[in-house]
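Novice: Just passing along the structure, written as C-alpha cells.
The values are calculated or read from the model by the stated rules, or taken from the named source; none is laboratory data. Keep in mind that what you see is a predicted model, and the values were worked out from it rather than measured. No Cβ is skipped: glycine too gets one built from the backbone with ideal geometry, and neighbour counts run over all protein chains shown.
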Amino acid sequence: MCGIVGGVSNKPIRNYLIEGLKTIEYRGYDSAGIAVFNGKKAEIYKVRGRVEDLDNKLEKRIDGLVGIGHTRWATHGEPSVINAHPHASKSGLFSIVHNGVIENFRAVKNALMEKGYSFLSETDTEVIANVIEENYRHTGDVYKAISKMMSDVKGSYALAILFSKEPDIIYFAKNRSPLLIGRGQNGNFLASDYLPMLKVADQFVTISDYQYGSISLDDIKMFGRNDHPLPIVFHETELKPEALDLNGYPHYMLKEIEEADSCVKLLVDNYYDGKSFLFDKEMMRQIKEADNIVFLACGTSYHACLLGSRFFRKAGKISDVYIASEWAYNPYTSGKKTVYIFMSQSGETADLIHCLSVAKKMDGTIITITNTQGSTLSRSADHTLLLYAGIEVAVASTKAYVAQVSALALLAGALNDDASVIADLEAVIAAQQSVIDNHDKIKNLASFVSGKNDVYFLGRGLDYDLALECSLKLKEITYIHSEAFPGGELKHGPIALIEKDTPVIGFISDAKTELAMRSNLHEVEARGARVIVVSSITLAHPEDDFVVPYAPKYLSSLVKVLFGQYLAYYVALKRGLNIDKPRNLAKSVTVE
Ligand code: AGP
C-alpha cells in the first residue's frame, strides 16, 4: 500500500508529482504530501485526504525541479497531517517518503530516543529518516548511511530520500516494496509503478530487493548487496498513458466491468493461435507431471482460483486452493511434485510474497498468474502467465477476475489439449455482451438493495464460488453487510438472520442442484426474504429476476459475475459513495 513518486527534471516537478500521485492513488488515499527543493531547502506540503485536496491547497506555481511525493494507506498512526509523508529527520537534513512496514521500528526508535532523537509522528517512516541521519553523522556519506540503514531496519520499504546538502539528487532504497526508475527526455523519475511515469519516461529500470542508489538529471547510480555498483539495465513497457482515460465513463469500475468481453477475447488471442495452445512447453510439462496443484491467492483472486481448481480437477489434476495469508503460516501440500499457482492481479500482494518464500523452501514449480508484467511475484516465479486485462484502476477488481477465471479455463483446457474451451469462451463473450446491453434491470434491483443493511448471496457448487465474489464486491464498495452461503448450509444456522425484506440473491447455473437451490430460496422466502433469482437461460423460470444467456455451465460465473459487479456498482452509486476508491481499502495490498 502507499504510493511514492520522485523526479529530477529540467522542468518544475510539481505537476509530475501531483499528476503522478493521482495515477497511483489506488495504492492508498488517506493522506498525501510532497517535498520539493526550493533553493537549498526541501519544502514539505501535506494534507489529510486525497491528492486532489493537496493539489488545491498547493500554489499552482512551485518552481523546484527536484521533489518526492506520497499517497498514504495508514499502517502506523491514524490518517493525519502529522503522520502524512514526507517525513523529515530531526535536523531536517533528510526528507523521505516510504512505502512498506518496518517490523523492528519500536526497538530502533527506542535506541534513537536514547541518543536524544525525538519524534513528531507515530510513523515508522520518521524512524527511518532519523536512522539515515544518525548513520550519516557517523559516516559523512549518504550512500553509506543508506546502506547501513538497510541492515539496521527489518521490513519492507521503497524509499525516496532528499538530502538537503545535495538539492539536485534523489536517493532511493528498496526491499520487498516495488520501486521503478524511469528515464525520459526531461529527467529521471522514480515511482511505485509505471503509471506515474508513462507521460514523462520511455525507458525503465526495475529496482530489486536490497538495492539502493540515486538519480540526478542525467545520471542513475545503483548499488547492490555488498555495496557493489550495478549496471543500469533499461527496459520498455507496453503500457500506454491512454489506458488511464475514462473514455466517457463516469467511473473506472463501470468502464472495467464493460471490458469483460474484450478481456476474454484478448486472452484467447494471446494463448491460442487457432490451432494450438501457446503456453510455455516446459511449464505445461511441469503441470502435467505434478501430483498436486496448490493455488494461493487473496480476495477476488482467491475466488477465481476456487473456480480454477474445479477446472483442474475436471482435467484430472488433484488441486487445492488456499487463502495466502493462512497458508503462509501453515503450509501444506499433499504432493511430492507440486506446482504452486500464485494468482494476483497486482503481483505485489504481501501475503503472497510471504507464501513465495515458504514455497521456495518446499521445492516445486512456481507459476505466477498476474496482470502486472515485471511485478515482484512475476520476477520471482519459474513461469509467468500474463492476464492482458489492461490497467485496472478501480480498487474493486472486476475485469481482472474475468481474466483470471478465463486464463485458468484455458490452462486447464491446454492440459488435455482440449480446444473446446475456445468455443466455450466465445459463447461467454457473446453472453457477457448481452448482459452489458441489458443491464438496466440490475439498476432497478440495486435501488431496492441500496436501502438494506444486510444482503445474502446463495449458490451451490460453482455458484457458491460466484456468490462469494459477488458478496465481496457488494461489501467492499457499498459498505452493506453481506455474506455468501452454500444453499444447503442455510438451515444449519444462517437462516436465523432472515427478516422481512432481507435481500437474498440466489444463483442457478447447474441442473444437478437447481431443485435443491430453488427449495432453499423458498425456505427463506417463507420467512420474509425478498428473493432475487439469477439463473441461466436453460434453467430459467418465468418469474426469475435476471436470466443470463447461454454459456457452458462451468464458465457461467464469467457471465453471472457481471450481475454482481453491476449490482454493487449501482448500489454504491445510489448511496453516493466513492466507487473507485472505497474507504479503508487499497488496490495493491503490500503489507501483511
Ligand atoms: C478485489 O476487489 C479486492 N480489492 C481484493 O480482494 C483483491 O482481489 C486482493 O487484495 C488480492 O489482490 P491481488 O489480486 O492483487 O493479489
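Novice: Considering only the stretch 370-396, state which residues are hydrophobic (A, V, I, L, M, F, W, C) and closer than 21 Å to TYR272 by Cα. Write out each step before concluding.
Specialist: From the stretch 370-396, those hydrophobic (A, V, I, L, M, F, W, C) are 377, 381, 385-387, 389, 391, 393-396; that's our starting set.
Passing the criteria: LEU385, LEU386, LEU387, ALA389.
Novice: Let me ask something additional. Count, please, the residues in the stretch 161-212 that happen to be modelled with pLDDT under 95 and small (Gly, Ala, Ser).
Specialist: Number of matching residues: 3.
Novice: Please give the helices (runs of 4 or more DSSP H) falling wholly within the stretch 239-340 in which 1 or more residues are farther than 22 Å from GLU476 by Cβ, modelled with pLDDT of 95 or more and assigned by TED's automatic domain parsing to the domain that holds LYS361.
Specialist: Working: elements: 252-257, 260-271, 281-289, 299-314, 324-327.
Result: 260-271, 281-289, 299-314, 324-327.
Novice: Now, a different point. Name, by its number, the condition in (1) of a type in the set (Gly, Ala, Ser); (2) assigned by TED's automatic domain parsing to the domain that holds TYR271; (3) in a loop (DSSP other than H, G, I, E, B) that does not hold for ALA431.
Specialist: (3)
Novice: Also: Check the stretch 442-465 and report whether any residue there is crowded, with 18+ Cβ neighbours inside 10 Å, within 16 Å of the ligand (Cβ to nearest atom) and over 23 Å from ASP261 (Cβ atoms).
Specialist: The answer is yes; a qualifying residue exists.
Novice: State whether the residues of the stretch 82-98 include one that is crowded, with 16+ Cβ neighbours inside 10 Å, among the hydroxyl-bearing types (Ser, Thr, Tyr) and part of a loop (DSSP other than H, G, I, E, B).
Specialist: yes
Novice: Hey, among the residues in the stretch 466-482 that are part of a helix (DSSP H, G or I) and among the small types (Gly, Ala, Ser), which one's surrounded by the most Cβ atoms within 10 Å (Cβ to Cβ)?
Specialist: First, pick out the residues of the stretch 466-482 that are part of a helix (DSSP H, G or I): 466-478.
If we keep only those that are among the small types (Gly, Ala, Ser) as well, we get 467, 471.
Numbers: ALA467: 29, SER471: 25.
So the residue we want is ALA467.
Novice: While we're on this one: Can you pull out every residue in the stretch 518-537 that is assigned to a helix (DSSP H, G or I) and out of contact with any Ser or Thr (no Cβ under 9 Å at 6 or more places or on another chain)?
Specialist: Within the stretch 518-537, ARG518, SER519, ASN520, LEU521, HIS522, GLU523, GLU525, ILE537 meet the criteria.
Novice: Which pairs have Cβ atoms under 8 Å, sit 6 or more apart or on different chains, and link a residue in the stretch 337-353 that is of a type in the set (A, V, I, L, M, F, W, C) to one that is within 6 Å of the ligand (Cβ to nearest atom) and part of a strand (DSSP E or B)?
Specialist: The qualifying pairs are LEU352/SER344.
Novice: OK, next. Condition first: in a helix (DSSP H, G or I) and surrounded by 23 or more Cβ atoms within 10 Å (Cβ to Cβ). Now tell me which residues in the stretch 483-515 satisfy that.
Specialist: First, the residues of the stretch 483-515 that are in a helix (DSSP H, G or I): 487-492, 494-497, 511-515.
GLY487, the sole residue that qualifies.
Novice: Exactly one condition in (1) more than 11 Å from the ligand (Cβ to nearest atom); (2) more than 15 Å from PHE295 (Cα to Cα); (3) not hydrophobic (A, V, I, L, M, F, W, C) is false for GLY335; which is it?
Specialist: Of the numbered conditions (1) more than 11 Å from the ligand (Cβ to nearest atom); (2) more than 15 Å from PHE295 (Cα to Cα); (3) not hydrophobic (A, V, I, L, M, F, W, C), the odd one out for GLY335 is (2).
Novice: Here is a further query. If I go through the stretch 545-592 residue by residue, how many of them are crowded, with 23+ Cβ neighbours inside 10 Å, assigned to a loop (DSSP other than H, G, I, E, B), of a type outside the set (A, V, I, L, M) and more than 13 Å from the ligand (Cβ to nearest atom)?
Specialist: 1
Novice: Still on this structure, I have one more. Which count do you get for residues in the stretch 434-443 that are in a helix (DSSP H, G or I) and touching a helix residue (DSSP H, G or I) at 6+ places or on another chain (Cβ under 9 Å)?
Specialist: Going through the stretch 434-443, the residues in a helix (DSSP H, G or I) turn out to be 434-437, 440-443.
If we keep only those that are touching a helix residue (DSSP H, G or I) at 6+ places or on another chain (Cβ under 9 Å) as well, we get 434-436, 442-443.
Within the stretch 434-443, residues that are in a helix (DSSP H, G or I) and touching a helix residue (DSSP H, G or I) at 6+ places or on another chain (Cβ under 9 Å) number 5.
Novice: Between a first residue in the stretch 361-372 that is away from the ligand (no atom under 16 Å from the Cβ) and a second residue that is modelled with pLDDT of 95 or more and among the hydrophobic types (A, V, I, L, M, F, W, C), which pairs have beta carbons less than 9 Å apart while being 6 or more apart in sequence or on different chains?
Specialist: Correct list of pairs: GLY364/ALA290; GLY364/VAL294; GLY364/VAL339; THR365/MET283; THR365/ILE287; THR365/ALA290; THR365/VAL339; THR365/ALA381.
Novice: May I ask you to list the residues in the stretch 26-49 that are surrounded by fewer than 24 Cβ atoms within 10 Å (Cβ to Cβ), outside any loop (DSSP other than H, G, I, E, B) and touching a Lys or Arg at 6+ places or on another chain (Cβ under 8 Å)?
Specialist: TYR45, VAL47
A quick yes/no check of all residues on (1) farther than 17 Å from GLY69 by Cα; (2) part of a loop (DSSP other than H, G, I, E, B):
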site: LYS109; (1), (2): yes, no
site: MET113; (1), (2): yes, no
site: TYR117; (1), (2): yes, yes
site: GLU126; (1), (2): no, no
site: TYR136; (1), (2): yes, no
site: SER147; (1), (2): yes, no
site: LEU159; (1), (2): no, no
site: ASP168; (1), (2): no, yes
